[in-house]
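The values are calculated or read from the model by the stated rules, or taken from the named source; none is laboratory data. Everything quoted here is computed from the prediction, not taken from an experiment. Cβ sites come from the backbone with ideal geometry, for glycine too, and all protein chains shown count toward neighbours.
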Amino acid sequence: MTLYGLVSSFYNQKAAVHAALRDNIDTRTALEELRVLVSQSNAYIAGRKNAKLAPNRMLLQSIALYLTDLLKTFGAIEGAEPIGFPVGTNGQNVDLESTVMPYLKVLSDFREGVRKIAREQKVTEVLSLCDMVRDETLPELGVRLEDHEGLPTVVKLVDRETLLKEKEEKKKMAKLAKMKIPPSEIFRSETDKYSTFDETGFPTHDADGKEISKGQTKKLRKLYEAQEKLYKEYLDSMQNGS
């Protein structure tokens, strides 16, 4: 979806909604046209992300204002906020996004600065902590961080249960991806750590060409055997059709 395509769609969907409401207030058709507009807006945003380009915020804001205004007209949204769904607290409508987003943006910018330094200094432990904040800590609070190479991190407020379900699904997918790796391949990609392997793919020398110590070999053997077990489970599941 291009910028021109989304602009054209915006005008077309507005006209279609107008026609539907004039036709005996056909709200079902009007809502379907709004759904199409939302889908096309998401497609435009996804396309810009893939191209590592920022979307046209003015256009997206105009669409969001239009959608919110219509949903207010239909009685789906109450409150004075111009965009989005307010969160009710003690009988009052609170624009949660406007309240917390400045703080989340500060956190996101700080995290991005830390990640940049950690990548430059090759401090993998710090990078892991930054990932933990994104993947473990913030989802529990209903916050999603989306990292995109070459673009600023995107901060979104999302329903906590939705994020937790996504997290569990990612864990399942990660486990499945790991299960598919033959044990003979798990170390071969780590060329920054190992330089020589035996016929089974087990590392025998480190990146500097030195023979791996017995203690390290014992640790690696445990990892190798664990991967053998995972890979066998995967092959068995494929044979059983599960």
Would you confirm, using the coordinates I've provided, whether Leu34 is under 16 Å from Tyr66 (Cα atoms), of a type outside the set (Phe, Trp, Tyr) and over 27 Å from the mean Cα position of the chain (by Cα)? no
Say whether the condition of being among the small types (Gly, Ala, Ser) and either in the same structural domain as Thr124 (by TED's automatic domain parsing) or assigned to a loop (DSSP other than H, G, I, E, B) (or both) is met by at least one residue in region 185-204. yes
Within region 46-59, can you find the residues that are in a helix (DSSP H, G or I) and either at positive phi or surrounded by fewer than 16 Cβ atoms within 10 Å (Cβ to Cβ) (or both)? Ala46, Lys49, Asn50, Arg57, Met58, Leu59
